[in-house]
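Mind looking over this structure? Questions follow.
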Amino acid sequence: MESPSSLPFGLHVRSLLYDFSFVSSVKLISCSYKVLRVFDFKKRSTIWDLVIGYENLVHLRYLAIPFICQPLDLERFHKLEFLVVDNGDEVEIPEILLNMVSLRHMEFKGGAYFGESSCQLATNRKSFQINILQSISVLSIHDEMDEKILRCLPNLQRLKSKLKTSLNHSFDFLNQLESLNLFFYSTNLIGLPLNLKKLRLQFGDVSRKQMEIIGRLPYLEVLKLESVVFEGEQWNTSEGEFPQLKYLKLVRVFIAEWNASSDNFPRLQLIVLNFCRNLKMIPSSLGDIPTLQKIQVYRCGQTINESAKKIEEEQKEMGNEELEVIISE
């Protein structure tokens with residue numbers, strides 16, 4: 001084990017990853033790393049309370065920390081661009097984060113929510129200085145006030161969120177959003193941003209209308225549906241839907257019938273089916289998609305396995321040797 005004196009030391013250290021095998025090393029921070037750009041301290045530990053002089057790290061661009069057990073003067077980190085908090089329980093997002101002009105990405109691994117003070121700020125959009133925030137994870141959305149705060153973040157590109165409301169909810173006002181990862185339970189999702197390229201829905205019921213909304217997204221390239229219940233356990237795609245979709249993944253979805261044609265997914269390259277034991281068959285016409293390169297099936301049952309093999313055989317008979325079908329249990 002190295003002694004504290006053998007650790008990196010000096011004014012030119014730019015990046016520092018701590019695992020804290022010993023406590024005494026934390027005292028080096030205040031006097032040794034004032035030009036530090038990257039500080040990764042995300043192992044959850046009460047040792048964070050012993051860190052001395054973190055407020056002097058005013059040049060930080062990236063900060064990864066455990067759950068904050070003491071007040072953290074975030075205003076001093078005016079150059080901070082990335083904030084990662086390895087919290088165990090859901091925490092309130094400090095109001096100051098909505099006024100940090102350099103902050104681009106914030107991630108709360110255990111989840112986070114907007115507090116009352118942030119809601120008050122949202123009533124006056126001019127009070128938000130932030131205008132370059134690009135990603136938030138994992139954000140709990142409870143009511144219309146949370147939506148009002150999101151409307152103050154027009155440049156948001158990536159959002160991972162849990163919808164904890166039974167009210168109708170739309171994200172169509174997030175015009176720059178390209179990636180949405182959503183735990184939506186039984187929420188009535190009524191709108192999505194047209195610029196969306198990646199969509200992941202988990203643990204919810206989807207109606208036929210909602211699938212039509214998703215299918216009409218003009219730039220959607222990646223769609224992942226996990227532990228999702230289809231209305232009537234049926235998915236009927238229509239002509240013109242999913243014009244740019246390249247990657248489709250279904251995991252533990254409750255669907256028995258899937259009716260689709262090659263016209264519905266004209267650019268699809270990869271289909272992944274995991275644990276889809278209710279599904280009776282893969283639409284054979286999907287094999288006719290000229291861009292399709294691979295079908296992966298994992299623990300979906302004998303009928304799906306046979307369906308995938310049949311598609312592969314039919315394509316080989318037509319001279320298509322490029323399609324790869326992988327089946328595993």
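The values are calculated or read from the model by the stated rules, or taken from the named source; none is laboratory data. Everything numeric in this text was worked out from a predicted model, so none of it was measured. As a convention, Cβ positions derive from the backbone with ideal geometry for all residues, glycine included, and neighbour counts pool all protein chains shown.
(1) within 30 Å of ASN259 (Cα to Cα); (2) free of Cβ contacts under 8 Å to residues at least 24 places away in the same chain; (3) not in a loop (DSSP other than H, G, I, E, B): which one isn't true of ILE213, the others all being true?
(2)
Within the set of pairs 6 or more residues apart or between chains, which connect a residue that is closer than 15 Å to LEU286 by Cβ and touching a residue at least 40 places away in the same chain (Cβ under 8 Å) inside the stretch 232-248 to a residue that is assigned to a loop (DSSP other than H, G, I, E, B) and not aromatic (Phe, Trp, Tyr) with Cβ atoms less than 8 Å apart?
LYS246/GLU221; LYS246/ARG267; LYS246/LEU268; LYS246/GLN269; LYS246/THR291
Still on this structure, please answer the following. Within the stretch 280-297, count every residue that is in contact with a strand residue (DSSP E or B) (Cβ under 9 Å, 6 or more places away or on another chain) and either in contact (Cβ under 8 Å) with a residue 60 or more places away in the chain or exposed (fewer than 15 other Cβ atoms within 10 Å of the Cβ) (or both).
Count: 3.
Among LEU220, LEU182, LEU159, which is surrounded by 21 or more Cβ atoms within 10 Å (Cβ to Cβ) and assigned to a loop (DSSP other than H, G, I, E, B)?
Just one listed residue meets the conditions, LEU220.
How many of the residues in the stretch 185-210 are in contact with a strand residue (DSSP E or B) (Cβ under 8 Å, 6 or more places away or on another chain) and either charged (D, E, K, R) or not in a strand (DSSP E or B) (or both)?
Residues in the stretch 185-210 being in contact with a strand residue (DSSP E or B) (Cβ under 8 Å, 6 or more places away or on another chain) and either charged (D, E, K, R) or not in a strand (DSSP E or B) (or both): 12 in total.
Let me ask something additional. Count, please, the residues in the stretch 305-329 that happen to be β-branched (Val, Ile, Thr) and either closer than 11 Å to LEU292 by Cα or more than 30 Å from the chain's Cα centre (by Cα) (or both).
Adding up the residues that qualify gives 2.
So in the stretch 113-127, with the set limited to residues that are farther than 22 Å from SER166 by Cα and surrounded by fewer than 17 Cβ atoms within 10 Å (Cβ to Cβ), which one is modelled with the highest pLDDT?
If we take residues in the stretch 113-127 being farther than 22 Å from SER166 by Cα and surrounded by fewer than 17 Cβ atoms within 10 Å (Cβ to Cβ), then SER117 is modelled with the highest pLDDT.
Here is a follow-up. Just give me the residues in the stretch 133-154 being without any contact (Cβ under 8 Å) to a residue 40 or more places away in the chain, part of a helix (DSSP H, G or I) and not charged (D, E, K, R), in sequence order.
MET145, LEU150 - these are the residues of the stretch 133-154 that are without any contact (Cβ under 8 Å) to a residue 40 or more places away in the chain, part of a helix (DSSP H, G or I) and not charged (D, E, K, R).
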